[in-house]
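Remarks on the structure that follows.
The values are calculated or read from the model by the stated rules, or taken from the named source; none is laboratory data. Because the structure is predicted, anything quoted here is derived from the model rather than measured. Reconstructed Cβ throughout: ideal geometry from the backbone, glycine too, with neighbour counts over all protein chains shown. Heavy atoms of the whole protein, side chains included, go into the accessibility calculation; ligands, DNA and RNA do not. Shrake-Rupley method; radii C 1.70, N 1.55, O 1.52, S 1.80 Å.
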Amino acid sequence: MTTKTSLPAKTLHELTTGLSATQARLAERYPGEPDMRQPVHTVYGGAHLFKADTAKKLGELGLRVLQQYAPDAGGFAEALGLEVGLAETVYARVVEKLKREAVEDFRIDFEDGYGNRSDEEEDGHAVQAAEEVARGMAEDTLPPFIGIRIKTLSGELCGRALRTLDVFVTTLVQHSRGGRLPPNFVVTLPKITSPEHVSTLVAAFAAIEDALALLQGSLKMEFMIETTQSILDIDGTSMLPKMLSAADGRCVAAHLGVYDFTAANDITAQYQRMGHPACDFARHMMKMAFAGTGLWLSDGATNIMPVAPHRAEAGGSLSAAQVADNRRAVHGAWRLHAGDVRHSLASGYYQGWDLHPGQLPTRYAATYAFFLSGLSAASERLSNFMSKAAQATLVGDVFDDAATGQGLLNFFLRGINCGALTENEALRAGVTLEELRGRSFVKILKNRRGLA
């Protein structure tokens, strides 16, 4: 039987091939998630305070706060509102994480956490911080991810920001073994109000790389989304895609600056918080602009610190009432922070800022509980999905629902990377250890069909 059609072969060919250029542009713009670990947080600290062993000391302080105000799993779970059934596992894994790798990412801050100082003083701190990073590289004390935040490129601060970048990177390369940068080094660009801020930083990167004989593209950036102009440009369109284009492949992440953004929206300090609807709007805009581009998205910080209001004088002790006040204050800040982390995770933001060592226990506790509570459902869903997908047809290199399968696989990869899940727990989904470490859902399907 002959199948009748209305489109001539030539017309059909022209229609299908006419989309090839568009598809190629889309594939280049939206390559999917990068094949590497994303940190669950970025810890910010003033550049004048940074030392090669800062990450280690923050972990020790975080563990001390945990042991003082939640010496057992039950008390910690109650303070944070965690599921009772997860308490022991979460607590044990948080303690292990704080001892092993308390800080995943650290940003040496020359902006809000540093302030405006004389040029001589900032030059000195840029040199000092770079030398400490070089020492940390030699002694293997740096966190897996590290970088600096420079000042804004707006107005009179532009020259100061670029000079700090230059001094820091030049000093670091001069003092590091082999004249290299640390792994996963990034420069945070704050308060962006035009794509030209981004392109100017790209030009500075290229010039510094040439001068220091660094491989072109070595210097990477991340955006701070904290101005209204970052969301909507002067012509009323979204600036976010324009910023990404201006980055010329050098941007790895975009961070929401909650408090500058809410202030820019005329929201008073009393109502500036992570869960404000204005912040949710910014998160959704960032998701729409950057989903699939390979950029990591990071939420902001909880600014209520887990700090005890009472301190005993030398040789003295606190009253029972003061001890109780301290406990309530720390637990209240912990609960707020854990709730903010949960909100971020539910919004698809797997990274956020931490500003105090006392926030490290709650960062990991809320994150670990998120993955552990979803483990059973995700395992069943991925297993069922893989069984059905394996029977479907793979057209070319792309399975129709590959994004769904990859998203399910990413749940396990993220959980393992941060220490929330073990590899054995992930294997319950029916994947092998080799498949899991391969990180690709499409490759899993190909291998199972013998198409690799």
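Treating the angle as unsigned and between 0 and 90°, give the value, to the nearest 10°, between the Cα long axis of helix 20-29 and the longest Cα principal axis of the chain.
Roughly 10 degrees, rounded to the nearest 10.
What percentage of all Cα-Cα pairs in region 171-286 are separated by more than 26 Å?
Every Cα pair in region 171-286 considered, those over 26 Å come to 30 percent.
Please go through the residue pairs Lys220/Lys287; Lys51/Lys287; Lys220/Lys443 and name each one whose alpha carbons sit more than 27 Å apart in this structure.
Cα-Cα > 27 Å for Lys51/Lys287; Lys220/Lys443; rest within.
Per DSSP H run of at least 4 residues, take -39500 (n - 2.57); add these up for the chain, divide by its residues and hand me the 222 nm value, nearest 500 deg cm²/dmol.
-16500 deg cm²/dmol
What Rg and what Dmax come out for the chain when only alpha-carbon atoms are used, in angstroms?
Rg and Dmax of the chain, Cα atoms, are 24.3, 99 Å.
Could you work out the pair-distance distribution P(r) of region 131-177 from its alpha-carbon pairs, with 10 angstrom bin width and percents rounded to whole numbers?
26, 43, 24, 6
Helix 375-389: angle to the longest alpha-carbon principal axis of the chain, degrees 0 to 90, nearest 10?
10
Using only the Cα atoms of region 320-380, each taken as one equal point scatterer with no solvent, compute I(q) by the Debye sum, divide by I(0), and report log10 of the ratio at q = 0.15, 0.30 Å⁻¹.
The Cα Debye sum returns log10 ratios of -0.52, -1.23.
Tell me the volume per residue, in Å³, of the convex hull enclosing the alpha carbons of region 84-243.
Hull volume normalised by residue count: 156 Å³.
How much accessible area per residue does the chain have, counting only protein heavy atoms and a probe of 1.4 Å, in square angstrom?
It amounts to 47 Å² per residue over the chain.
Among the aspartates and glutamates, which have Cα under 18 Å from the Cα of Lys242 when same-chain residues fewer than 8 positions away are ignored?
Glu28, Glu196, Glu222, Glu226, Asp233
Project the alpha carbons of region 1-116 onto their principal axes and report the range along each, largest first, in whole Å.
Principal-axis extents of the Cα atoms in region 1-116, largest first: 80, 48, 22 Å.
Which of the listed residues, Met286, His175, Ala378, is farthest toward the dipole's positive end in the chain, when Lys, Arg count +1 and Asp, Glu count -1 at the beta-carbon?
Ranked along the dipole, the leading option is Ala378.
Can you give the % of DSSP beta bridges in region 169-312 that are antiparallel, to the nearest 5?
Beta bridges within region 169-312, antiparallel portion: roughly 10 percent.
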